[in-house]
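The values are calculated or read from the model by the stated rules, or taken from the named source; none is laboratory data. As the structure is a computational prediction, the values presented were derived from the model and not from experiment. Positions of Cβ are generated from backbone atoms using ideal geometry, with glycine treated the same way; all protein chains shown enter the neighbour counts. Please note that ligands, DNA and RNA were not included when accessible areas were found on the heavy atoms of the full protein model with its side chains. Shrake-Rupley method; radii C 1.70, N 1.55, O 1.52, S 1.80 Å.
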Amino acid sequence: SLTVNNQLPTGLYNGMIHPLIPYSIRGVIWYQGENNVGRAKQYSSLFSTMINSWRNNWGKVFSFYFTQIAPFRYSGVDNSESAELRFAQNQTLSLPQTGQAVTLDIGKVESIHPPNKKDVGERLALWALAKDYEKESVAFSGPVCKSARLKGDQVILHFDIGAETLVAGKSGLKEFEMIFADGTIMEAQASINRGKVVLKNTSKDTPIAVRYAWKNGSEAALFNSAGLPASTFYIDIHNKK
């Protein structure tokens, strides 16, 4: 006999989403992804496909705001499978009318479901207030890295700051790593200078990419002045012209 539960493909959708299609909705908030850790490449297409499918069913590009999964030990705090999933979630922001609540500062590595949901709800609400209720003064996003440029022995990270200034976490700027063509990964010394993050390259080799908060147990080290943290990210480095 067929057991219908939340692990059966189509079970949740047909049981809980499809019956709602006749009703008008303003938007969606979403918190899920822990079960997809280890399948980040699949999730990067699965999640966006689901969002587009729901919008097609309603015939409307409604707002879709989601929560990036929080730090947790998974296979070990220094491994990276959950960071890869966070990065896949981050890429979903390429879809129109999407927003992301980052939780790198409010997770618990010993709890896959951290208890602090109040801050999560408030961060999702900021997106709705700014984008759907047109509260122009509301800061809604943490810093988003837009480009990485090589300048001598430095890599300059440019951000859409999301507020007035960049702010280092209580333990300083950590979690930034440079990646080299031979696969070597080196933690980078970071500083904030005029609204940019500057990484010092102490290697004789030239880095090709930068990543941030790329561990299962990563904690936020970069915020904006509205108190919102930057997401896990990976970005290729371009030579400065």
> To the nearest 20 debye, what charge dipole does segment 86-220 have about its Cα centre, counting +1 at the Cβ of each Lys and Arg and -1 at the Cβ of each Asp and Glu?
Replying inline: 140 debye
> Can you give the accessible area of Lys151, probe radius 1.4 Å, in Å² rounded to 10?
Replying inline: 110 Å²
> For segment 117-241, treating each Cα as an identical point scatterer without solvent, what Debye log10 I(q)/I(0) comes out at q = 0.16, 0.19 1/Å?
Replying inline: -0.78, -1.02
>> Please list, by residue number, every one of the trypsin sites (Lys or Arg not before Pro) in segment 160-208 that is coil in DSSP and has at most 10 other beta-carbon atoms within 10 Å.
In response: Lys170, Arg194, Lys204
> Computed from these coordinates, which is volume of the Cα convex hull per residue in Å³: [x] 154; [y] 176; [z] 142?
Replying inline: [x]
> How would you classify segment 1-54 from its alpha-carbon gyration tensor, with a ≥ b ≥ c the square roots of the eigenvalues: rounded for a/c under 1.5, else prolate if a/b is greater than b/c, otherwise oblate?
Replying inline: oblate
>> At a threshold of 8 angstrom on Cα-Cα distance, excluding pairs fewer than six apart, so keeping six or more, what relative contact order does segment 1-68 reach in percent?
In response: 44 percent
> Counting other Cβ atoms within 10 Å, which chymotrypsin sites (Phe, Trp or Tyr not before Pro) in segment 7-60 have at most 14 and lie in a DSSP loop?
Replying inline: Tyr23
>> I want the antiparallel fraction of DSSP beta bridges within the chain, as a percent rounded to 5.
In response: 75 percent
> So what is the relative contact order of the chain, in percent, for Cα pairs below 8 Å that sit 6 or more residues apart?
Replying inline: 20 percent
>> Starting from 0.36 nm per residue, how many nanometres of slack lie between Thr10 and Ser111 once their C-alpha separation is accounted for?
In response: 33.6 nm
> If one computes P(r) from the Cα atoms of segment 171-221, what percent of pairs lie at distances over 12 Å?
Replying inline: 64 percent
>> Beyond a 31 Å Cα-Cα separation, which of these cross-linked pairs lie in this structure: Lys41/Lys135; Lys60/Lys108; Lys41/Lys204; Lys151/Lys174; Lys118/Lys174?
In response: Lys41/Lys135; Lys60/Lys108; Lys41/Lys204
>> Can you classify segment 139-211 as rounded, prolate or oblate using the Cα gyration tensor, where a ≥ b ≥ c are the square roots of its eigenvalues, rounded means a/c under 1.5, and otherwise it's prolate if a/b beats b/c and oblate if not?
In response: prolate
> Taking the C-alpha atoms of segment 93-169, how large are the radius of gyration and the largest Cα-Cα span, Dmax, in Å?
Replying inline: 15.3, 45
